[in-house]
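Worksheet: one structure, shown below.
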Amino acid sequence: QVQLVESGGGLVQPGGSLRLSCVASGSIFGYSVMGWYRQAPGSERELVATITVGGGKTYADSVKGRFTISRDNAKKTVYLQMNGLQPADTAVYFCAMGDWPPSRHWGQGTQVTVSS
């Protein structure tokens with residue numbers, strides 16, 4: 001049974017930073033592609049970033065240069081460091097594991113709100 005639990009969301013002012021974490025249970029984390037998605041109200045879910053087992057990364061154009069995805073296989077955790085946050089980044093952020101794009105298992109989401 002795989003469970004993904006996100007944390008680290010919150011309210012931040014424009015230009016601020018947050019680091020999201022996603023901790024996985026089970027034994028397949030080290031073999032799985034991981035990803036972060038986000039969904040704003042009234043919008044479709046958007047793939048924000050992915051990271052492979054070997055550390056290869058992809059980013060949506062909207063976050064390149066501002067967001068960084070990383071993983072710690074020993075801790076079964078994937079991170080999303082978000083800098084230079086803007087109101088357009090406001091959304092519920094989800095982590096996902098497995099398949100391509102990563103989508104076999106999902107976390108419950110964590111709210112990120114960027115507002116002054």
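Observations
- Residue tally, condition among the β-branched types (Val, Ile, Thr) and open to solvent by less than 60 Å² (accessible area, probe 1.4 Å), over the range 1-48: 4
- Scanning the range 51-67 for residues that are in contact with a Phe, Trp or Tyr (Cβ under 8 Å, 6 or more places away or on another chain) and either within 26 Å of Gly15 (Cβ to Cβ) or at pLDDT 95 or above (or both) yields a total of 2.
- Of everything in the range 8-27 that is free of Cβ contacts under 8 Å to residues at least 60 places away in the same chain and in contact with a strand residue (DSSP E or B) (Cβ under 6 Å, 6 or more places away or on another chain), the residue that is farthest from Val92 (Cα to Cα) is Val23.
- Among residues of the range 49-72, those that are open to solvent by 70 Å² or more (accessible area, probe 1.4 Å) and either among the acidic types (Asp, Glu) or in contact (Cβ under 8 Å) with a residue 40 or more places away in the chain (or both), counted: 1
- Yes/no for Thr113 being open to solvent by 10 Å² or more (accessible area, probe 1.4 Å), under 14 Å from Tyr37 (Cα atoms), assigned to a strand (DSSP E or B) and of a type in the set (Val, Ile, Thr): no
- For the range 79-110, the set of residues classified as open to solvent by less than 10 Å² (accessible area, probe 1.4 Å) and outside any loop (DSSP other than H, G, I, E, B) consists of Leu80, Met82, Asp89, Ala91, Tyr93, Cys95, Ala96, Met97, listed by residue number.
The values are calculated or read from the model by the stated rules, or taken from the named source; none is laboratory data. Keep in mind it's a predicted model, so treat the numbers as computed, not measured. Cβ sites come from the backbone with ideal geometry, for glycine too, and all protein chains shown count toward neighbours. Keep in mind that these areas ignore ligands, DNA and RNA; they rest on the heavy atoms of the full protein, side chains included. Shrake-Rupley method; radii C 1.70, N 1.55, O 1.52, S 1.80 Å.
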